[in-house]
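Everything on this sheet refers to the single structure shown next.
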Amino acid sequence: MPRTATAHPPASPSPPSSLPRAADPDRRRTSASVVLRSVLEHGPVARSTIARLTGLSPASVTDYCARFTRAGLIREAAAPRQSKGVGRPHVPVDLDDSRFVVGGLHVAVPYTTVALLDLRGRVVAERRLKHPAGAVESRQVLARAADGLAALLARAPERRPLGVGVAVGGWVDRDSGTVVAHPLLGWRDVPVRDVVAAHTGLPVHVDGHARALVNAERLFGRARGSGSMLHLFVGNVVDAAFATHDEVHHGPRSQAGAIAHLPVPGGTEACACGRTGCLQAELSERTLCRQAREAGVTDGVNPMHVVAAAAGGDRAAVRLLVDRGHRVGRAVGLLLDVLNPEIVVVTEIGVLHREDCLSALREAVGAERAAAVMPTSFADSVLAVAGGSVALDVLYRDPLGASPEAN
């Protein structure tokens, strides 16, 4: 993305290799994160309340709030209250969500979603870029996505980009910013971070989309505050992510969450691995659309056409979606048995749009655990939020490192 495409290009952006890692043990940054998260979750909030909530000293909270104010991350929310006593009046602070955005890229099998998100994780602008027919060449897709992001930023000249988050299915190594393997796209060892950074001149962070959506939920969603959370993503790619105590588990080379070849009892779909009944082969949107074509529901490859047919009263479409919801519930049950999280969040097209699909999922999970299962908090913009949340997670973990003016 040429610098001329943004009205407010970043001043001397750091090279991608020097970006702060999402889990930085530095105590100064940890305390800064706690303060900014408190403003996000409780604002408008008095500094004295932040001190009470976080256990930090009032002086430390005041210092962090002053730095965040100078950086444009927070602002005073109202005029000081009149006080009959002495001392400084209590002025609440809140996020300043008017200045900055992050870019969000989500690379799916049929298209890439390009978006801008504010500091509250809300989508400011969004666009889908359909992949060209034939092979999905990685550098072409990423360059086109960077151009699409430039176009969105050009329409929002009052907003300054802090960075770009990229979410992708398959095996994504967060530390190197590389898509190690994405069989459905045909990508292997693609240096996504380096390619996008070269086109945008912005800090770039890359992660798997299931992990990205766990971070979105813990920052902005209904599952915020839970002690442990599992996210199951069921699209063309089927994968999962698990978090405990506000930390998403990545594993060596970020390979955790690869459940595509988990065997499904009674499964009949042939998998590319040579086996039958693998989870992704059974539940992928490609399988759903093929079944819909065979049933005469649709003649295309867009799963939303199946949802639309069901909404129009097509019984075959309803049956396909509800049956899929039930099978997703069986997969959730298997993962619950292994991980036993407090909350399970599911991103699946039927569950997002139909109550009968959610009911089928919960029925399969079992009555005693059904209440722990919920659909994603971002039904209308889940892919855009996935991409942007990769960058927002870094900001909220290290606001003094990720914000260019906070120090």
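The values are calculated or read from the model by the stated rules, or taken from the named source; none is laboratory data. For clarity, every value in this text was computed on a predicted model and none was experimentally measured. FYI the Cβ positions are ideal-geometry reconstructions off the backbone, even for glycines, and counts take in every protein chain you see.
Tell me, please, whether a residue that is surrounded by fewer than 16 Cβ atoms within 10 Å (Cβ to Cβ), over 25 Å from His353 (Cα atoms) and either assigned by TED's automatic domain parsing to the domain that holds Leu320 or touching a residue at least 60 places away in the same chain (Cβ under 8 Å) (or both) can be found in region 276-287.
Within region 276-287 (the criterion being surrounded by fewer than 16 Cβ atoms within 10 Å (Cβ to Cβ), over 25 Å from His353 (Cα atoms) and either assigned by TED's automatic domain parsing to the domain that holds Leu320 or touching a residue at least 60 places away in the same chain (Cβ under 8 Å) (or both)), the answer is yes, since at least one residue qualifies.
So is Val179 in contact with a strand residue (DSSP E or B) (Cβ under 8 Å, 6 or more places away or on another chain) and at negative phi or not?
yes
Could you list, in sequence order, all residues of region 224-275 that are touching a Cys at 6+ places or on another chain (Cβ under 6 Å), closer than 15 Å to His182 by Cβ and crowded, with 17+ Cβ neighbours inside 10 Å?
So in region 224-275, the residues touching a Cys at 6+ places or on another chain (Cβ under 6 Å) come out as 261, 271.
Filter again for closer than 15 Å to His182 by Cβ, leaving 261.
Selection gives nothing.
Kindly evaluate Arg253 against the criterion of being over 18 Å from the mean Cα position of the chain (by Cα) and outside the structural domain of Ala146 (by TED's automatic domain parsing).
The answer is yes for Arg253.
Per-residue answers, yes or no, for (1) among the hydrophobic types (A, V, I, L, M, F, W, C); (2) part of a strand (DSSP E or B):
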position	(1), (2)
Val179	yes, yes
Leu184	yes, no
Val195	yes, no
Ala198	yes, no
Gly225	no, no
Ala240	yes, yes
Arg253	no, no
Thr268	no, no
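Going residue by residue through region 357-380, is there one that turns out to be of a type in the set (Lys, Arg) and either at pLDDT below 95 or over 24 Å from the mean Cα position of the chain (by Cα) (or both)? Write out each step before concluding.
Filtering region 357-380 for residues of a type in the set (Lys, Arg) gives 362, 369.
Applying the additional criterion that residues be either at pLDDT below 95 or over 24 Å from the mean Cα position of the chain (by Cα) (or both) yields 369.
Within region 357-380 (the criterion being of a type in the set (Lys, Arg) and either at pLDDT below 95 or over 24 Å from the mean Cα position of the chain (by Cα) (or both)), the answer is yes, since at least one residue qualifies.
Which residues, counting only those in region 120-135, are closer than 16 Å to Leu152 by Cα and of a type in the set (Lys, Arg)? Break it down into steps so the answer makes sense when it comes.
As a first pass, look at region 120-135 and keep what is closer than 16 Å to Leu152 by Cα: 122-129.
Within region 120-135, Arg122, Arg127, Arg128 meet the criteria.
With respect to Arg290, determine if the residue is basic (Lys, Arg) and within 19 Å of Ala360 (Cα to Cα). Step through it out loud before you land on a result.
Working: basic (Lys, Arg): yes; within 19 Å of Ala360 (Cα to Cα): no.
When the stated conditions are applied, Arg290 does not pass them.
With Glu247, Glu285 as the choices, which residue is of a type in the set (D, E, K, R) and within 19 Å of the chain's Cα centre (by Cα)? Don't jump to the end; show me each part of the working.
Details: Glu285 fails: within 19 Å of the chain's Cα centre (by Cα).
Residue meeting the stated conditions: Glu247.
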